[in-house]
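Trainee: Before I ask anything, here is the structure I am working with.
Only the coordinates and a few stated rules stand behind these numbers; no lab work does. Owing to the predicted nature of the structure, the values given are computational and were not obtained by experimental measurement. Quick reminder, even Gly has a Cβ in these numbers, built from the backbone with ideal geometry, and neighbours come from all protein chains shown.
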Amino acid sequence: MDVQAVIAELDELVYQTCHLWAPGWVAYNWSNYTYDHIQRVRGLAVNLAQREGGDRLECDLAALLHDLTKPYDGEYLTDSQGKRLVDESGFWVSATRQPLGANEVTRLYDRLHLNGQVHSRSSAALSWHLLRKRGFVRSVREHVAEAISEHLGPGAEASPNALCLYDADLIDANIGLPAFVRHIYIHRHFYEMRRAPDQPALAELLAHAPRAYVEPYVREALPRWIEGKTHDFPPQLRTAAGRQVAQNRLARIRAVSEQLIEELTQESVAEKGSLAVLLYLLQRSEEPSIADEIAILSNGWASAREMMPAARQLIGDLAAEAAGTQ
């Protein structure tokens, strides 16, 4: 078996699957988010596995397939008081979204009657069958499926693979620069969703009075978000390597926050400093690809504008964290 060729085939299948659903936001995600997230988790999970004694191949496969059925998750279901419903394991219950088309994954999902299952369990079941079809030995199939099934909450006896995947998944969504970019888009999205009829659209506001949006975001929303993530998520991490990565990422995002606040006092910096990166990200499409935006920022955007060192550092660190190397 040419393992790398098979992984590339599975990667393409995951990409196609993530894009079978109609565009649009669901909860705190949008149509282009899931595939980007999967790729970032792959890099970080393998990084953690190398440091924690996990299996590199099995962690890569588990990360690649861990959110395979996530696009089926619709909005969170709530009770009559507006409280989110949870299942017997404590996971939030979501409505089920149906794809617009079909492929190997959706047909197998239907054949195995996985509708309504939490995505960690349904993705685990699918992974076992997909890997068997492609010739992976039973031990690999079982280890990968186990790690996926536990990626929302590993048990006390969870394997290093499961712990590394869990930490990588938690960190990517919540701690560091890729999570910061996600927060930028979430904050922007909810501004548009909640603005009053007499309030300007964000595109208009950014074009004519950007400080009206950027200043409260930088001075209030971003520090509050960082504080919340610092309090809530590091205690949940399960590996020493994951905790170290989280600590390093939190230090970087705090430094970025301080830099942005400092730049608010320097009007000219908005064109060449870290604020310019923030403004660029705010002006992107409603459903951006974080990977595509990082590629644009990294490949000539900063050089063409002779950006300041702090902005170049921000872009470089964002790319490194997205690759899982920091």
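Trainee: Which residue, Gln266, Gln50, Gln81, tops the fluctuation ranking in a GNM of the chain built on C-alpha contacts under 10 Å?
Mentor: Gln81
Trainee: Would you please give the residues with an amide H less than 5 Å from that of Ser94, counting only those at least 5 places away or on a separate chain, with H modeled from the backbone geometry?
Mentor: Amide H neighbours of Ser94, under 5 Å, 5+ apart: Leu77.
Trainee: Dipole of the chain (Lys/Arg Cβ +1, Asp/Glu Cβ -1, origin at the Cα centre): which of His66, Gln81, Tyr33 lies farthest to the positive side?
Mentor: His66
Trainee: OK, next. In what sequence, highest mean first, do 51-64, 193-206, 248-261 appear when ranked by Cβ atoms within 10 angstrom?
Mentor: Answer by packing, highest mean first, reads 51-64, 248-261, 193-206.
Trainee: Can you list, largest first and rounded to whole Å, the semi-axes you get for region 121-198 by taking the square root of 5 times each eigenvalue of its Cα gyration tensor?
Mentor: Whole-Å semi-axes of the equivalent ellipsoid: 36, 16, 10.
Trainee: Quick one: Cα centre-to-centre distance for region 116-138 and region 1-55, in angstrom?
Mentor: What the calculation gives is 14 Å, centre to centre.
Trainee: What is the dipole size for region 3-155, taken about its Cα centre, with +1 at each Lys and Arg Cβ and -1 at each Asp and Glu Cβ, in debye to the nearest 20?
Mentor: 180 debye
Trainee: Based only on the alpha carbon positions, what is the Kirkwood hydrodynamic radius of the chain, in angstrom?
Mentor: One decimal place: 20.9 Å for the Kirkwood radius.
Trainee: Taking only the alpha-carbon atoms of region 1-140, what semi-axes of the equivalent ellipsoid follow from 5 times the gyration tensor eigenvalues under a square root, in whole Å, largest first?
Mentor: One finds semi-axes of 27, 18, 15 Å for region 1-140.
Trainee: Relative contact order (percent) for the chain, with alpha-carbon contacts under 8 angstrom and 6 or more residues of separation?
Mentor: Here the relative contact order equals 20 percent.
Trainee: Less than 27 Å apart at the alpha-carbon level, and either on another chain or at least 8 residues along: which lysines does that give for Lys70?
Mentor: Lys83, Lys133, Lys229
Trainee: Quick one: among Asn161, Asn103, Asn174, which has the greatest mean-square fluctuation in a GNM of the chain with alpha-carbon springs under 10 angstrom?
Mentor: Maximum fluctuation in the GNM of the chain, among the listed residues, is at Asn103.
Trainee: Rounded to the nearest whole Å³, what is the per residue volume of the convex hull around the Cα atoms of region 175-323?
Mentor: Taking only Cα atoms, region 175-323 has a hull volume of 117 Å³ per residue.
Trainee: Once you charge only the Cβ atoms, +1 for Lys and Arg and -1 for Asp and Glu, what is the size of the charge dipole of the chain about its Cα centre, to the nearest 20 debye?
Mentor: Computed about the Cα centre, the dipole is about 220 debye.
Trainee: What size of dipole, in debye to the nearest 20, comes out for region 219-326 about its Cα centre when the only charges are +1 on Lys and Arg C-beta atoms and -1 on Asp and Glu C-beta atoms?
Mentor: Using Cβ point charges on Lys, Arg, Asp and Glu, region 219-326 gives about 460 debye.
Trainee: Separate question: If I build a Gaussian network model for the chain, linking alpha-carbon pairs within less than 10 angstrom, which residue out of Ile296, Ile171, Ile226 has the largest mean-square fluctuation?
Mentor: Per the Cα network of the chain with a 10 Å cutoff, Ile296 tops the list.
Trainee: Give the residue from His183, Ser303, Asn248 lying farthest towards the positive end of the charge dipole for region 175-323; charges sit on Cβ (+1 for Lys and Arg, -1 for Asp and Glu) and the dipole is referred to the Cα centre.
Mentor: Asn248
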